[in-house]
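A short worksheet on the structure shown next.
The values are calculated or read from the model by the stated rules, or taken from the named source; none is laboratory data. Bear in mind the structure is a predicted one, so any value in this text is a computation, not a measurement. Neighbour counts are summed over all protein chains in view; Cβ atoms, including those assigned to glycine, are modelled from backbone coordinates with ideal geometry.
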Amino acid sequence: MRLVPRLYYLYRRAWKRLAIFSAVAGPGIIVMVADNDAGGITTYAVTGSRYGFNLIWLVIVFCILAYFVQEMTVRLGAVTKRGHAEAIFDGFGPFWGWFSLIDLTLVNFLTIVTEFIGMVAAASIFGIPPLVTIVAAVIFLTVLVASGSYWTFERITLVFCLLNLVYIPAAFLANPSWSEVARSIVSPSFPAGLTTGLLTLIMANIGTTIAPWMLFFQQSAVVDKELDEKDILYSKIDTALGSILTGLGAAFIMIATGSTLHKMGISITEASEAALALVPFAGQYAGALFAIGLFDAGLLGAICISLSSSWAFGEVFGWAHTLNVKVKSSPWFYLFYFLNVALAGAIVLIPNVPFVLITLFVQVVAVTLLPAALVFLILLLNEKELMGPYVNTKLQNVIDWAIVVAVIAVSSLYGISTIFPDLLGG
Amino acid sequence: MIDEVSESQSRGGQVSARSDQIRERILKASLGQNKTTRYIFLSEVISKRVQTEKGVTVGKLKDLVIRDDPHYAEVTNIIIERSLGRPPLYVSWDNVVNVTTEKTVIREPPEGRYPEIKHTGDQLLLRDKILDKRILDIEGFDIEVVYDIRLLLVEGKLFVVGADVGRHAFLRRLGFGRIAKSVLENGSKEDVIPWRYVQSLPADLTGTKGDVKLNITRQGLKDIHPEDLADILEELSQDERVHLFNALDNEVAADALEATEPRVQREILASTTSERAAQIFTYLSPVQIADIMSVLPRDDSEEFMKILKRDVASKVHQLLSQHDVPASTLAIRCFLGFQGDLTIEEAFMRFRDEARACNVTMYIYVVDNEGHLRGVIDINELLQADPAGKLEEIMTRNVVTVAPTTMRADVKAIFRKYRFRAIPIVDDSKKIVGVIREKDVFLPE
């Protein structure tokens with residue numbers, strides 16, 4: 001083949017592939033970026049402020065783990081055309097089905113509450129009162145899904161995913177020492193040994209990286225988007241790209257807080273504190289960017305988590321569970337979504353709600369759900385009759401089981417340590 | 001255009017009455033007798049807006065769907081891409097009023113919406129599956145790109161004429177259409193590969209992997225010289241190569257396989273089932289098989305050794321393991337041995353019956369009842385001889401032979417000296433036991 005036709009052909013083929021990819025992409029990027037929700041941002045900000053750049057390498061590892069877990073939901077969804085809740089009911093019977101569904105709904109609801117807390121905190125930095133924030137957010141979240149088209153929801157949500165990249169300029173404003181950042185990534189280390197505090201933070205990081213709702217969300221989204229077996233490759237790339245984006249977000253949060261708060265020895269416990277604390281060191285823009293990012297994270301988290309609940313409920317109760325139907329044709333599906341969002345918002349407005357207790361509860365319930373969901377997922381992906389040529393390969397099984405065992409061990413430890421904080425301290 | 005039609009008729013076999021009619025119309029069109037006929041380039045209408053007759057924009061023209069008649073494919077419906085993620089709209093060609101380079105006009109939907117269109121297996125998306133794909137030019141052994149697809153509008157129906165691989169189309173696609181028009185002549189007919197020669201690899205046109213098309217009919221594939229096929233196989237990617245190889249007859253496949261370079265042999269055999277390989281190997285001599293085996297990974301060659309017949313396998317093994325081998329290992333058992341009292345005419349008849357299944361047909365060996373070699377006749381001599389004469393009258397009595405134990409190195413020397421294409425192997429009693437071919441002795445090193 002001569003050079004010019006070859007170049008032309010490669011150019012056209014690349015374009016075509018890009019076009020197909022941009023049509024298929026969505027669920028993976030959304031689920032991964034939404035994974036950096038308000039709670040996630042807080043975890044990363046706290047990690048960065050305490051340990052500087054030292055734990056950035058961990059984030060990269062976790063993103064790879066998240067990819068392998070989420071990639072399974074892509075295959076399962078594209079092959080079976082069923083959501084995760086439905087798959088568990090069919091594969092493991094009503095007991096585990098109801099167990100997963102109720103657990104999921106509970107954890108999700110409480111997580112949505114934390115998303116609203118994040119949004120309120122972020123908006124208050126700009127002087128917006130909580131009531132306004134919450135009402136606006138609830139209205140926006142409702143309108144977003146009510147268009148009667150999955151495509152509209154997805155494309156708008158993708159824009160919010162892009163907003164997650166504000167942490168990159170925020171980190172640059174903090175003027176970090178890039179050589180130090182590079183060194184800490186290239187030579188991974190645990191600062192000052194494995195202390196209890198460090199272990200807790202690592203667990204928190206895993207907990208925010210792999211969450212039950214992510215499995216349910218991506219599988220349902222793949223089904224709602226009517227992705228097919230032929231789309232699996234591009235969908236995997238979509239997931240990989242998402243995990244890179246979320247890793248970038250997390251890493252740059254750590255860089256931003258690590259190069260300022262950690263250096264100055266300022267300790268924080270909330271992402272909104274980080275936004276405020278950044279202002280004296282990196283300027284008001286860095287703080288503002290951080291706050292915008294936090295708000296965006298809360299919003300994204302709220303959308304995806306409440307959708308994962310609604311999809312799961314719709315699948316189990318047999319309601320039309322797709323964003324491609326109008327509200328009128330599937331009132332229960334949309335009502336469930338709305339109630340999730342509105343009630344979670346309302347709880348935040350109640351004065352003196354014990355948020356620490358809620359967070360604690362979320363962690364514990366999540367710990368009971370995650371192992372079950374992950375094990376079910378792998379078992380389903382090993383069913384040859386169900387998966388056909390997309391059944392798990394040996395290598396995938398080794399990786400996936402290793403991840404599951406590690407995640408279960410660590411998240412159980414984390415759950416126990418949140419209930420009994422003194423246990424690990426010894 | 002006229003040339004193209006007559007050429008395709010002369011090359012093709014049976015042509016249906018329907019495509020004859022179509023061709024007639026096209027012929028008329030090219031002579032300017034039919035005013036409703038004009039050419040359309042796919043690239044010029046695709047992505048242009050689609051409107052209803054009242055002027056309401058529906059979307060953009062995404063693709064044309066054809067029914068894949070190998071002679072002249074007709075467009076059956078169009079696909080319209082719509083904004084805001086709405087699913088694409090399929091509209092039957094009957095509802096299309098006009099297609100121009102500006103826009104496509106369709107009828108108002110009957111009863112509010114267009115009837116649903118079901119896709120069948122023989123339908124093919126022109127833009128998705130053909131445009132910008134590679135096409136292998138069988139004559140030039142080069143891969144071209146389908147820059148454009150030429151369509152013909154005849155009395156309201158749209159037909160695919162062929163795939164345009166010319167420079168003109170290339171420039172047009174890059175947005176230099178005007179320059180192309182002024183510099184080059186308007187797309188010469190050599191640039192357009194007639195549709196009936198556009199052959200997809202694999203045969204399933206709706207398959208997603210068929211990135212390369214061949215400009216040859218499946219029948220034509222048989223007539224390509226194995227050496228040329230080997231060149232083509234080397235040009236293709238692994239997937240495409242396997243598809244093409246699977247489309248070949250066993251005999252053609254054997255010859256082509258033998259002629260390809262070792263790397264390609266390896267890749268082809270790696271994805272060939274052992275049943276097929278066994279069939280292919282029956283068309284190859286032990287020497288050729290050994291030659292192929294020697295480039296395979298150990299595991300694979302052991303696997304293939306199992307499927308060979310025992311005697312073939314032991315010879316192949318011998319060839320692979322020993323530096324020099326005796327003539328008996330290289331021998332071909334299938335040759336033409338005729339009695340001397342046969343007339344030339346009778347010999348012709350038997351030749352016709354037996355030669356097809358035989359590997360050595362350039363010589364006829366004259367033998368007596370017990371198989372003793374009495375003489376040899378070059379097929380050339382046979383053709384020139386008087387049909388009424390006897391074989392023994394024209395045969396050469398002084399035959400150059402080798403013994404079964406003669407080593408290959410010595411056989412080589414004999415071939416070099418006499419320049420025969422095959423030499424008979426005879427035992428001590430002058431009985432012929434086999435024939436050794438020149439090409440089995442001189443292997444490509």
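What is the one condition in (1) at pLDDT 85 or above; (2) more than 22 Å from the chain's Cα centre (by Cα); (3) exposed (fewer than 13 other Cβ atoms within 10 Å of the Cβ) that A:TYR390 does not satisfy?
Every condition holds for A:TYR390 apart from (3).
Residue check: is A:LEU215 touching a residue at least 24 places away in the same chain (Cβ under 8 Å) and either outside any helix (DSSP H, G or I) or farther than 19 Å from A:ARG75 by Cβ (or both)? Write out each step before concluding.
On the way: touching a residue at least 24 places away in the same chain (Cβ under 8 Å): yes; either outside any helix (DSSP H, G or I) or farther than 19 Å from A:ARG75 by Cβ (or both): no.
No; evaluated as a whole, the condition is false for this residue.
Tally the residues that are surrounded by fewer than 17 Cβ atoms within 10 Å (Cβ to Cβ) and out of contact with any Leu (no Cβ under 6 Å at 6 or more places or on another chain), restricting the search to the stretch B:338-353.
If we filter the stretch B:338-353 for residues that are surrounded by fewer than 17 Cβ atoms within 10 Å (Cβ to Cβ), which is where we start, we get B:339-341, B:343, B:345-346, B:348-350, B:352-353.
Subset that is out of contact with any Leu (no Cβ under 6 Å at 6 or more places or on another chain): B:339, B:341, B:343, B:345-346, B:348-350, B:352-353.
Final tally of qualifying residues: 10.
If only one of A:PHE99, A:PHE95 is without any contact (Cβ under 8 Å) to a residue 12 or more places away in the chain, more than 25 Å from A:TYR390 (Cα to Cα) and surrounded by fewer than 22 Cβ atoms within 10 Å (Cβ to Cβ), which one is it?
Values: A:PHE99 fails: without any contact (Cβ under 8 Å) to a residue 12 or more places away in the chain.
Just a single option satisfies the conditions, and that option is A:PHE95.
Can you pull out every residue in the stretch B:60-79 that is touching a residue at least 60 places away in the same chain (Cβ under 8 Å) and in a loop (DSSP other than H, G, I, E, B)? So that I can check it myself, show each step before the final result.
Just the residues of the stretch B:60-79 that are touching a residue at least 60 places away in the same chain (Cβ under 8 Å), to begin with: B:62-66, B:68, B:70-75.
Selection gives B:ASP68, B:PRO70, B:HIS71, B:TYR72, B:ALA73.
Conditions: (1) surrounded by fewer than 15 Cβ atoms within 10 Å (Cβ to Cβ); (2) at pLDDT 85 or above. B:GLU302 meets all but one. Number of the miss?
The number of the failed condition is (2).
Those residues that are more than 22 Å from B:ALA163 (Cα to Cα) and either within 14 Å of chain A (Cβ to nearest Cβ) or of a type in the set (Gly, Ala, Ser) (or both), I need them from the stretch B:46-79; list them, please. Steps first, answer last, please.
First, pick out the residues of the stretch B:46-79 that are more than 22 Å from B:ALA163 (Cα to Cα): B:49-60.
B:GLY55, B:GLY59, B:LYS60, listed by residue number.
In the stretch B:80-118, what count of residues is obtained for those that are more than 14 Å from chain A (Cβ to nearest Cβ) and not in a strand (DSSP E or B)?
Here the count works out to 18.
Does A:GLY26 meet the test of being within 14 Å of chain B (Cβ to nearest Cβ), small (Gly, Ala, Ser) and buried (at least 22 other Cβ atoms within 10 Å of the Cβ)?
Details: within 14 Å of chain B (Cβ to nearest Cβ): yes; small (Gly, Ala, Ser): yes; buried (at least 22 other Cβ atoms within 10 Å of the Cβ): yes.
Yes, satisfied.
So for the stretch A:389-399 (the condition being in a helix (DSSP H, G or I) and under 22 Å from A:VAL223 (Cα atoms)), does at least one residue qualify?
Within the stretch A:389-399, the subset in a helix (DSSP H, G or I) is A:389-390, A:394-399.
Still in the running and under 22 Å from A:VAL223 (Cα atoms): A:389-390.
Yes, the stretch A:389-399 contains a residue that is in a helix (DSSP H, G or I) and under 22 Å from A:VAL223 (Cα atoms).
I'm trying to understand the selection: among the residues of the stretch B:150-175, which are over 15 Å from B:VAL192 (Cβ atoms) and within 13 Å of chain A (Cβ to nearest Cβ)? It would help to see each step written out before you state the result.
Residues of the stretch B:150-175 that are over 15 Å from B:VAL192 (Cβ atoms), as a first pass: B:153-158, B:171, B:174-175.
Matches in the stretch B:150-175: B:LEU171, B:LEU174, B:GLY175.
Can you tell me which residue within the stretch B:361-384, out of those that are touching a Leu at 6+ places or on another chain (Cβ under 7 Å) and closer than 20 Å to B:LYS431 by Cβ, is surrounded by the fewest Cβ atoms within 10 Å (Cβ to Cβ)?
Restricting to residues being touching a Leu at 6+ places or on another chain (Cβ under 7 Å) and closer than 20 Å to B:LYS431 by Cβ, the top hit is B:VAL367.
Which one of these is surrounded by fewer than 19 Cβ atoms within 10 Å (Cβ to Cβ), in contact (Cβ under 8 Å) with a residue 24 or more places away in the chain and part of a helix (DSSP H, G or I): A:LEU335, A:LEU343, A:LEU339, A:LEU357? Please lay out each step first, then the result.
Values: A:LEU335 fails: in contact (Cβ under 8 Å) with a residue 24 or more places away in the chain; A:LEU339 fails: in contact (Cβ under 8 Å) with a residue 24 or more places away in the chain; A:LEU357 fails: in contact (Cβ under 8 Å) with a residue 24 or more places away in the chain.
Within the list A:LEU335, A:LEU343, A:LEU339, A:LEU357, the selection yields A:LEU343.
Give, as residue ranges, the helices (runs of 4 or more DSSP H) completely inside the stretch B:243-314 that count at least 3 residues that are closer than 21 Å to B:CYS334 by Cα and in contact with a Leu (Cβ under 9 Å, 6 or more places away or on another chain). Full working, then the answer.
Details: elements: B:250-259, B:262-270, B:274-281, B:286-293, B:298-307.
It comes to B:250-259, B:274-281, B:286-293.
Just give me the residues in the stretch B:376-403 being of a type in the set (A, V, I, L, M, F, W, C) and part of a helix (DSSP H, G or I), in sequence order. Steps first, answer last, please.
Restricting attention to the stretch B:376-403, the residues satisfying the condition of being of a type in the set (A, V, I, L, M, F, W, C) are B:376-377, B:379, B:382-383, B:385, B:388, B:391, B:394-395, B:399-400, B:402-403.
Once the filter is applied, which keeps residues that are of a type in the set (A, V, I, L, M, F, W, C) and part of a helix (DSSP H, G or I), the stretch B:376-403 yields B:ILE379, B:LEU382, B:LEU383, B:LEU391, B:ILE394.
So for the stretch A:57-73 (the condition being free of Cβ contacts under 8 Å to residues at least 24 places away in the same chain and within 14 Å of chain B (Cβ to nearest Cβ)), does at least one residue qualify? Before the answer, list the steps.
If we filter the stretch A:57-73 for residues that are free of Cβ contacts under 8 Å to residues at least 24 places away in the same chain, which is where we start, we get A:61.
If we keep only those that are within 14 Å of chain B (Cβ to nearest Cβ) too, we end up with none.
Scanning the stretch A:57-73 turns up no residue that is free of Cβ contacts under 8 Å to residues at least 24 places away in the same chain and within 14 Å of chain B (Cβ to nearest Cβ).
Starting from residues that are part of a helix (DSSP H, G or I) and within 14 Å of another protein chain (Cβ to nearest Cβ), keep the ones in the stretch B:222-238 and report whichever is surrounded by the fewest Cβ atoms within 10 Å (Cβ to Cβ).
The initial filter retains those residues of the stretch B:222-238 that are part of a helix (DSSP H, G or I), namely B:222-223, B:226-235, B:238.
With within 14 Å of another protein chain (Cβ to nearest Cβ) added as a condition, the list becomes B:231-232, B:234-235.
Details: B:ASP231: 17, B:ILE232: 25, B:GLU234: 14, B:GLU235: 17.
Applying the filter and picking the extreme gives B:GLU234.
Specify which of the listed residues (A:LEU162, A:LEU58, A:LEU110) is modelled with pLDDT of 90 or more and of a type outside the set (Gly, Ala, Ser).
Working: A:LEU58 fails: modelled with pLDDT of 90 or more; A:LEU110 fails: modelled with pLDDT of 90 or more.
Every option except A:LEU162 fails the conditions.
Given the conditions (1) crowded, with 19+ Cβ neighbours inside 10 Å; (2) farther than 26 Å from B:ARG67 by Cα; (3) modelled with pLDDT of 75 or more, report the number of the one that B:GLY175 does not fulfil.
(1)
Output the number of the condition that A:ASN205 fails; it satisfies all remaining conditions of (1) within 14 Å of another protein chain (Cβ to nearest Cβ); (2) assigned to a helix (DSSP H, G or I); (3) not small (Gly, Ala, Ser).
(1)
Looking at A:THR157, A:THR111, A:THR105 in this structure, which one is β-branched (Val, Ile, Thr), in contact (Cβ under 8 Å) with a residue 40 or more places away in the chain and within 14 Å of chain B (Cβ to nearest Cβ)?
Testing whether each residue is β-branched (Val, Ile, Thr), in contact (Cβ under 8 Å) with a residue 40 or more places away in the chain and within 14 Å of chain B (Cβ to nearest Cβ) leaves just A:THR157.
For every residue, the table says whether it meets (1) away from chain B (no Cβ under 14 Å); (2) of a type in the set (Gly, Ala, Ser); (3) out of contact with any Gly (no Cβ under 9 Å at 6 or more places or on another chain).
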| residue | (1), (2), (3) |
| --- | --- |
| A:LEU131 | yes, no, yes |
| A:TYR150 | no, no, no |
| A:PHE153 | no, no, yes |
| A:LEU165 | yes, no, no |
| A:LEU173 | yes, no, no |
| A:PRO176 | yes, no, no |
| A:VAL181 | yes, no, no |
| A:SER184 | yes, yes, no |
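Could we say that A:GLY118 is crowded, with 16+ Cβ neighbours inside 10 Å, within 14 Å of chain B (Cβ to nearest Cβ) and of a type in the set (Gly, Ala, Ser) here?
Values: crowded, with 16+ Cβ neighbours inside 10 Å: yes; within 14 Å of chain B (Cβ to nearest Cβ): no; of a type in the set (Gly, Ala, Ser): yes.
In short, no.
Are there any pairs, at least 6 apart or on different chains, whose C-beta atoms fall under 9 Å, with the first in the stretch B:242-262 and among the polar types (S, T, N, Q) and the second part of a helix (DSSP H, G or I) and modelled with pLDDT of 85 or more, and if so, which?
Partner pairs satisfying both residue conditions: B:ASN246/B:ALA253; B:ASN246/B:ARG276; B:ASN250/B:ARG276; B:ASN250/B:GLN279; B:ASN250/B:ILE280; B:THR260/B:ILE268.
In the stretch B:414-425, what residues are modelled with pLDDT of 90 or more and more than 15 Å from B:THR396 (Cβ to Cβ)?
Hit for the stretch B:414-425 is B:ILE425, nothing else.
Inspect all residues belonging to the stretch B:126-135 and state whether any of them is more than 12 Å from every other protein chain (Cβ to nearest Cβ) and more than 25 Å from B:TYR197 (Cα to Cα).
no
When B:THR208 is evaluated against the numbered criteria (1) buried (at least 16 other Cβ atoms within 10 Å of the Cβ); (2) of a type outside the set (Gly, Ala, Ser); (3) modelled with pLDDT under 80, which criterion, by number, is the only one it fails?
(1)
Given (1) within 25 Å of the chain's Cα centre (by Cα); (2) surrounded by fewer than 20 Cβ atoms within 10 Å (Cβ to Cβ), where does A:LEU289 come up short, assuming only one miss?
Result: A:LEU289 passes all but (2).
Give the residues of the stretch B:320-340 that are more than 32 Å from the chain's Cα centre (by Cα) and closer than 22 Å to B:THR401 by Cβ, sorted by residue number.
Once the filter is applied, which keeps residues that are more than 32 Å from the chain's Cα centre (by Cα) and closer than 22 Å to B:THR401 by Cβ, the stretch B:320-340 yields B:ASP324, B:VAL325, B:PRO326, B:ALA327, B:SER328, B:THR329, B:GLY337, B:PHE338, B:GLN339, B:GLY340.
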